[in-house]
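Inspection log for the structure reproduced underneath, given as structure tokens.
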Amino acid sequence: MKKTVLIIATLVAAGITSANAQLLWRVSGKDAKGDSYLFGTHHIAPASVMDSVKGFAPALASVEEVYGEVELPENPQSPEVMQLTMKYATAPADSTLTKVLTVAQVDSLNSLLASYTGGMLSVAQLDAFKPSMVSTQLAMLQSAKAFPNYNPMEQLDTQIQKQAVSANIPVKGLETMEEQFDILMNAPIMDQVEDLMEAVRNDSKSGEKAKKLADAYMTENLEVITDALFNDEDFDPEDPMFKRLFDERNASWVKKLTTSILPSHSVFVAVGVGHLVGDNGLIKALQSAGYTVTPVK
């Protein structure tokens, strides 16, 4: 389950009921140029979350720049974006799905895809893609089931960046799309196969976890999100994939924020909520760096 949990966590990433219920945080003090903000997103959550988080609109309107994990393209279907996606998501000719999966594994994967899509998606249609791309698709299907009203045309991170553009606020990324693809798609093929089949075998448990994370996100309960991500029985902090997805990226982002971004601009940083929490999350890392990080009430 370890890799399955990590894939779901990458997608995580209402009413406030406790001190830990908070998605929006103010960053100030030290050498910060005015107040900046951290906002935790869930990549499958409805864009209406922006309307329910107290202080969201004035915080976004007050900053000089907005940062996402990446600067999202205005047109996700543009030739440039499609070319980059295919570069990283397409399997080598000798490692397509039907060449690296057994017949039994293909059957199991087909059954699971059919259960989520009513038979509209099959291994044959995904054959050219790397197993990691299919694992990511499965995690999205699990999370989308937890958010039955999810509209991919109104994806939360994209809508935040669109609002910024509409307000003439520059939008930038903490990393490039190519860097993100490299993290997600470039493990050895047979390791990707192992992770994919683990996801298939543990679909029920992963679905329950996706639902738990979705419910916790919509109630802004960081305590439950932290517990689900980092105190799960399958969690391994030494897992190389976990370190790449979370620890290494968080450290890179914090370095950029503390050395150049925060001292020069007031910013609104919107990244997956899983990157905010935990011992190596952005909240604790920025506090350790000397900044004051407090929930927006």
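The values are calculated or read from the model by the stated rules, or taken from the named source; none is laboratory data. It should be emphasised that the depicted structure is a prediction, and the values quoted were computed from it without experimental measurement. Don't worry about glycine lacking a Cβ; one is built from the backbone with ideal geometry, like all the others, and counts go over all protein chains shown.
Listed values, structure above:
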read-out: Condition check for Phe242: buried (at least 16 other Cβ atoms within 10 Å of the Cβ) and not in a helix (DSSP H, G or I); value: no
read-out: Qualifying residue in the stretch 127-144 (condition: closer than 30 Å to Tyr217 by Cβ and exposed (fewer than 13 other Cβ atoms within 10 Å of the Cβ)); value: no
read-out: Residues of the stretch 72-101 classified as more than 30 Å from Val165 (Cα to Cα) and either touching a Cys at 6+ places or on another chain (Cβ under 7 Å) or of a type in the set (Val, Ile, Thr) (or both), total; value: 4
read-out: Positions within the stretch 34-61 being over 16 Å from Leu276 (Cβ atoms) and either out of contact with any strand residue (DSSP E or B) (no Cβ under 9 Å at 6 or more places or on another chain) or not in a loop (DSSP other than H, G, I, E, B) (or both), in sequence order; value: Pro46, Ser48, Met50, Asp51, Ser52, Ala57, Pro58, Leu60, Ala61
read-out: Residue in the stretch 50-61 that is touching a His at 6+ places or on another chain (Cβ under 8 Å) and modelled with pLDDT of 95 or more present; value: no
read-out: Residue count for the stretch 221-271, restricted to those that are of a type in the set (A, V, I, L, M, F, W, C), at pLDDT 95 or above and either within 26 Å of Lys297 (Cα to Cα) or touching a Cys at 6+ places or on another chain (Cβ under 6 Å) (or both); value: 10
read-out: Candidate set: the stretch 11-33, residues that are surrounded by fewer than 14 Cβ atoms within 10 Å (Cβ to Cβ) and farther than 17 Å from Lys256 by Cα; chosen: the one modelled with the highest pLDDT; value: Ala19
read-out: Pairs with Cβ under 8 Å, 6+ apart, first in the stretch 284-297 and over 16 Å from Gly55 (Cβ atoms) and modelled with pLDDT of 95 or more, second surrounded by 18 or more Cβ atoms within 10 Å (Cβ to Cβ) and among the hydroxyl-bearing types (Ser, Thr, Tyr); value: Leu286/Thr258; Ala289/Thr258; Tyr291/Thr258
read-out: Residue within the stretch 65-87 that is more than 19 Å from the chain's Cα centre (by Cα), at pLDDT 95 or above, over 23 Å from Ala187 (Cα atoms) and not small (Gly, Ala, Ser) present; value: yes
read-out: Hits in the stretch 76-123 (condition: closer than 20 Å to Glu198 by Cβ, of a type in the set (A, V, I, L, M) and part of a loop (DSSP other than H, G, I, E, B)); value: Ala91, Leu101, Leu121
